[in-house]
1. Whole number in Å², please: accessible area per residue of segment A:109-319, 1.4 Å probe, ligands, DNA and RNA not counted.
2. What does the net charge come to around B:Met474 if you take all other residues with beta carbon closer than 13 Å to its beta carbon, with K and R at +1 and D and E at -1?
3. Any idea of the total accessible area buried by the B-A contact, 1.4 Å probe, rounded to 100 Å²?
4. Does chain C come out rounded, prolate or oblate, given a ≥ b ≥ c as the square roots of the eigenvalues of its C-alpha gyration tensor, rounded meaning a/c under 1.5 and, failing that, prolate meaning a/b above b/c?
5. Please tell me the relative contact order of chain B in percent, rounded to the nearest whole number, where contacts are Cα pairs under 8 Å and at least six residues apart.
6. Sort C:His340, B:His604, B:His509, B:His674 from largest to smallest accessible area, using a 1.4 Å probe on the heavy atoms of the protein chains.
7. Check C:His141: other-chain or 5+ apart residues with amide H under 5 Å from its amide H, H built from backbone geometry?
8. Averaged across the residues of B:363-372, what count of C-beta atoms belonging to other chains lies within 10 Å of each residue's C-beta?
Amino acid sequence: MFAYIVRRILYAIPILVGVNLLTFTLFFVVNSPDDMARMHLGMKRVTPEAISKWKQNRGYDKPLLYNSEAEGAARVMDTIFFTKSVSLFAFRFGSADDGRDIGHDIQQRMWPSLAIAIPVFIVGILVNITFALLLAFFRATYIDIWGVILCVILMSISALFYIIGGQFLIGKLLHLVPISGYDTGINSFKFLVLPVVIGIIGGIGAGTRWYRTIFLEEINKDYVRTARAKGLSELRVLFRHVLKNAMIPILTGAVVVIPLLFMGSLLTESFFGIPGLGSYTIEAIQSQDFAIVRAMVFLGSVMYIFGLILTDISYTLVDPRIRLS
Amino acid sequence: MEDNKDILLSVRDLRVHFGSVTAPVRAVDGVSFDIRRGETFALLGESGCGKSMTALSLLQLIPTPAGRIAGGEVLFDGQDLMALSEIQMRHIRGKRISMIFQEPMTSLNPVMTVGAQIAEVLIQHVGLSGKAVSERCVELLDAVGIPAPAKRINDYPHQLSGGMKQRVMIALALAGEPELLIADEPTTALDVTIQAQVLDLLAGIQEDTGMAIMLITHDLGIVAGTVDHVAIMYAGQIVEQAARKEFFSNTLHPYAKKLFAAVPGGHKRGRKLETIKGSVPPLNTKFHGCRFAERCDEVWPRCYEQQPRWLELQTDDDSHGVRCHRYDARIEAPHTVAPQPKTRLTEAQISREQKGEPLLQIRDLKVHFPIRKGLFKRVVGHVYAVDGVDMEIPRGRTLALVGESGCGKTTVGKGLLQLIRPTAGSVSYRGQELTRLKGEALRRLRSQLQIIFQDPFSSMNPRMMVSSILEEGMRAQQIGESAAERQRHIASLLEHVGLPASAARRYPHEFSGGQRQRICVARALAVKPELIVCDEPTSALDVSVQAQTLNLLKDLQNELQLSYLFITHNLSVVDYLAHDVAVMYLGRIVEKGPVETIMQTPRHPYTEALLSAVPTLDETSEREVIRLQGELPSPINPPTGCHFHPRCPRAMEECRRHYPAVTRWETGEEVRCHLYM
Amino acid sequence: MQKLSRQFWFAPLLILAGLWLLWLFVPLMLGVKPVMLWTDRLIVLLLAAVVLLVAYIRRKAPLREAWLQVFRQRRAMIALVVLCAFIVIGLLDSIHYRKPLPRSSGDAVQYSVEVLSVLDAVLERLRAREEKTYSAPFATHLYAKETVTLPDGRQVRIYPRLTHAGRHLADPQKDKAADIMRTSLQGVAGGVLLGLSLLLLLTRWLAWRKRQAFLSCWREIWRGASEIPWRSIFLTILIVIVSISTAWALSGKYHVFGTDKVGQDVLYLSLKSIRTGLVIGTLTTLVMLPFAIALGIMAGYFRGWVDDIIQYLYTTLSSIPGVLLIAAAILSIQVYIANHPSLFETATDRADLRLLALCVILGITSWTGLCRLLRGETLKLREMDYIQAATALGVRHFTILGRHVMPNVLHIVLIMVVLDFSGLVLAEAVLSYVGVGVDPSTISWGNMINGARLELAREPVVWWSLIAAFCLMFTLVLAANLFADAVRDAFDPRLREQA
């Protein structure tokens, strides 16, 4: 088990290197720092001095890969690649365009993100499983058929409309909760309710339908027939036998996204004005703050790989057939 | 029906339909039978005849909404099961009638411990609780012969072998102390030696508890051994029913007679097997006459027009029922009897003596699969799938490779074809070393060595037409100058294997299992091979179809001087078809020699046990039955010394230490056993 | 030649070649300059691929059978009719040209820099009628007060009358409702007439195909007795045609969906968005498909180091959160486009390239799922007996891949393509919101929503752009989802969609 985890972590390194090379290429090779500076400062009236000042402020005035002017290790270390990409491995994210420390911002902003993402994740799974079990229990009846159609209809609505519609209905027409904003501590509750509820409702369609497929796949297996031949009631068959087996794909499918939860949700956070990592990312994209985007790309990959490792571990916990070796 | 109290289960005119209401598939079409208390009743039939559906419908476990019970009456101990609600049925299932299924691998819940699964029944039906539950679980596991049962109750199904799983299934079925046990092909997925163990176990339990068993099977041999009553099903109907003795001594229905004749065996060697032409009619047809008429050799014109009725013929001790016009006093035999087809039992002209130069020679073949573990995927062990096998196959002869599943026989076949690259050893074909051939040279030579697989459903690309399937090899090997010539060749191949020329323009799914196997034979023949590896080519087929395939293989051998490596676990097929036999156990050959000697005077204890475990049709032969204990060990960690010693009834101290060397006889046998050293 | 003409691809290719010529020559005859944007070319390619695929399927019995199973489902066929309506609009919007400018004598013909499409020509009445700013659906007055100088010289702040809607009404307050009713009735009547005649033609064709008398065919269809649910198809066609014709009749006199901030007709905008949505939904797939298939089955078939490399590639790509990768790539491309303005002749060219870039990047982020699935399936397939048999026959590896593996994983590709479609259409809207979607000058649902979102705070609310975009997008995505479901049920009901 331990050896397995160590190996998985070692495997993650080349992947992160790949991610880093890719972002480095996208940000510094496809377009030179000069291009970026020109873009930022406005295309027309830029002086070379303004460009070099812009570059110097951000540390983009170094050579890309190899610094022939420096000595010794600095030849490699004192380059854009080393300072901007390799340093990410030490989780040194540098500073944003406005001079703020990115690492510090991330630490601050992850909490509001989690405050929304965790309830959405947990309650969402429970709600979806409940509905899916209901459909599976009434399989091949009209309840099931129309339930699935309802799921497809829910799936066909863009997330944007869930948010806009929810804000409009609950916030603006009914005045139940504030439309957007955030507060700390217990006061944050009233700001969080709406985004969480919308997040859950938005996921019901796809989630329920997916879980229903899993349940139905299990229901057709031989061991379920055995359970029925024992004289167990349909509910008992569903809960003790089907649910237990179906939890394997459901749990492992869910575990992979757990680390990513803390990256926040782009849309929800920006619509509701919640100062989480999602809105942080979106603001960075919109203001073209490459340093933040790069940091978030790297962080996202780390979280994804972490999720994969967690998935493998969770398999061994829920499925007695699998032992890591 | 003289004593009604004696009757436990009475089924009358049971009908089960599948699919649409307008043109349903009549899986079970008017089945009636009685099972008495404490007896074993066998429902015999080929696949797809509706026997499993009959059993499932007794417990109302038909898969819904596809299937439905369309009519009939099931009286269990005087109670009409069809009238019971779902909730009332739950008190019957698992409590008064339990069931075990064919596939022990998938029939147990993989994420629940064995104990928990048995406990469910105890809590539900017996009303036990607390400590009594686990105590009873241990008792039950003990009763079905599971070693160290107190430890096993905390095991998950995957930790048990196939035979053990089936024992757990039986324990599960026994937990409610049922009056009737329905066993649906309980041993089909198991090896012969394990099959014998499980059948013994069932018989023993029946003796102890006095419950009735309804045994569903396709294997005539099993029926011959153990049952009291037999009913034969064909295309959704019971066509003959009688007590076992009566049935075996006085078989009436032409279908049943044919089934007996189609079973291969040593005494039929050198002759063609009796076959049943055609295949079972689809069950959504509307039958006007006898369902067997199309395939019957004794058919009367009447048989096509009128459905035969059920006839009860009184015999000495019991009734003997049959569904055939021939025995109907009301129906007169036609004056001009349809000409009896020429008897097919012509002597085949095999020159058994001629033993040519070996075509293929295998020396010390080893196929090991590495097991990797740890941080850097170091190789920590091997699966010794094939561990030093020697054999030769002469031209025009058949070598049968026999063994239980997991002994490595299929790996030998694929290893010699270089489909799996051997770890070590040599395979020489006409003096050419195959293991060293690569790329184009190997590709060229592949036309000489072909293979036929077990599963006729996965052995052909479902998206290709038969003509393209047959043409593929010819194109790859550049046989046939032009497309037209290849098409001619395809037509002649199809004729050769007994299929109409129109088959070329059809897709695999349009053919039955037996026909598919013929196409596979044709595909192999298309590249004009010298040797064909037949990997269990008949084990997925019904007896009647198996006979057709065996006949075909034998004919082709005579005609084209083909050599076969015939891989199988079915000893009766070996007896019929092979010239030489090699018995394999855990990656090594333990005995080999000419088929007559090995079948009659086996020397290795394993061969002996294997032969004695085969159920035989011949009741009179009172053989001494050797029951093997345990199961095939893991090839990762073979036992020290002789691999067979932990299961060997004649194991000695010596056997634990050294693997025995070869002992040779003048008759050509070679045995690896300390008994003969 | 005769042998050639029997090949399945021959007839379709002939048809396509003919279409291509038409495409080039008709504009020339009309005196306009045909323009082929990059996305247009790919659409033609896609069309060719679809036509060939259809021809291929028609010849393969098992495939035909599976498709018939799709066609027998009522829900799927209704969805398909709706999809077809969208596709027709999208295709009309993909034939582009530039109009000649009025020329001064002697000069060579100059062409306008404005790239138009056939759809623009059809919808000329919508495109050209711009108001000053917002106006509600069916409004006769502008949404905002304006200072207007009356004839007598006084200046007042009133809601001025619209320039292009309801001009014919003397007293809008009194007459509007009746006029709308009358116009829509005309539209409905026209639609029913048009629809019915189309259906009669269709029935005629069906009767001819089935060698049936026309009347009995007609009766069979309306009794719902036909194998393929023609009755539902007919009803859907009728509804689609009637709604188009009603909208057409009304749009001559009113702005059916109102106008947006700069006074453009919202109906026009939402119809123009269809092409953007379809392009993203389909071209993305077209771009990524070759890679996903080739890499997926090679990884599964060859295993070993080939598998290692391919797995590394897709794990790396899929480890980057999709939106961020897209954002990073689009930002880079934005910089690139901004720094190389000389590469693009017209603004449309530039917007088109960005659209294509978005497709490519979406493709790069979405091929990994399919690739993983195909790898898994190929791993299973390579152990199948028929592939072992092919190896034993001495068939070469790449022949095996093409003849045995590919055809047996195609159903997965198909299912994933139709399942992905709706997700991509939805993604466009989100990405446009984030600011990394299509060019702001491209008309798309995402841009419409993005623009309308800011106006939600206004009192009273400007809701119509949002609702118009929602309705069309929802209809398209729902139809696509329902159709995808049917396809999956027919080809592989066990294939689970990804989480």
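The values are calculated or read from the model by the stated rules, or taken from the named source; none is laboratory data. Computed from a prediction, not measured in an experiment: that's the story for all the values here. Note: ideal-geometry Cβ built from the backbone for every residue, glycine included; neighbour counts use all protein chains shown. Surface areas here come from the heavy atoms of the whole protein model, side chains and all, with no ligands, DNA or RNA. Shrake-Rupley method; radii C 1.70, N 1.55, O 1.52, S 1.80 Å.
1. 38
2. Counting the neighbours of B:Met474, the net charge comes to +2.
3. Details: alone 29990 and 18320 Å², together 45750 Å².
Using a 1.4 Å probe on protein heavy atoms, the buried area is about 2600 Å².
4. prolate
5. Numbers: 1287 pairs, mean separation 83.2, N = 677.
Contact order relative to length: 12 percent.
6. In descending accessible area the options line up as B:His509, C:His340, B:His674, B:His604.
7. Result for C:His141 returns C:Leu162.
8. Numbers: counts 0, 0, 0, 0, 0, 0, 0, 0, 1, 1.
The shielding value for this peptide is 0.
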